[in-house]
C-alpha cells in the first residue's frame, strides 16, 4: 500500500506536492490538465471531480495538484491518500506509455529537426529536474522555425512565476545552449 509521507507547498500558492517515497510511475510522468484528460486515471478523475482542481501531475514519487483559491487541501489530501491505497504501478506505467506515445507522435513530426532534438535534450537535462523539484513539469509541443512552444504541467501550469520568471529562465537557457534567436512561447 502506498501512503503519503509529506505534503509540501510549491512556489505556486495554489498547489501542493504530495510525496510518497515510493515510485508511482515506472518512467516519465502522468499529466492531466482537465477532467476529460483525467478519464483514464481514477486518481486524477476523483481530484477533478472536486470541482476546484486545475491540474494533476504524477511523477517519480509524488503527486502534484493545482487548484483554485477555494480548494480544500485537506480534502485533496484525503482523495490522494484514498486513491493511492489501490494504486497500480502497472496501470500507471500503461497510462504513462499512452501519454508518451502522444509525445512521440509530436516528436516524430519533428524528425530531422535538429533544433527540436537539442531543445528536448536541454529540457531533459536542466529544466525538467528543476521543475519536478517544485511539483511541475514541461512538455515540448513544437518547434517551428525558431519558435519553441511548451506546455507547463502540474504545479507549474497555473503558477504566476511560470509565465514570467520561469519562461524567461528557460528561454535564456535555450539562448545560451542552443540558439540565441529562439523565441519560447507557452502553448
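Considering segment 127-142, and only residues there that are in contact with a helix residue (DSSP H, G or I) (Cβ under 6 Å, 6 or more places away or on another chain) and in a helix (DSSP H, G or I), the residue that is farthest from residue 17 (Cα to Cα) turns out to be 127.
Filtering segment 12-43 to residues that are buried (at least 18 other Cβ atoms within 10 Å of the Cβ), over 14 Å from the mean Cα position of the chain (by Cα) and over 17 Å from residue 82 (Cα atoms) leaves only 14. Might you let me know whether segment 162-181 holds any residue that is surrounded by 15 or more Cβ atoms within 10 Å (Cβ to Cβ) and closer than 27 Å to residue 46 by Cβ? The answer is yes; a qualifying residue exists.
Each value in this text was obtained by applying a stated rule to the coordinates, not by laboratory testing. Since we're looking at a predicted model, the values are computed, not measured. Please note: Cβ atoms are built from the backbone with ideal geometry, for glycine as well, and neighbour counts cover all protein chains shown.
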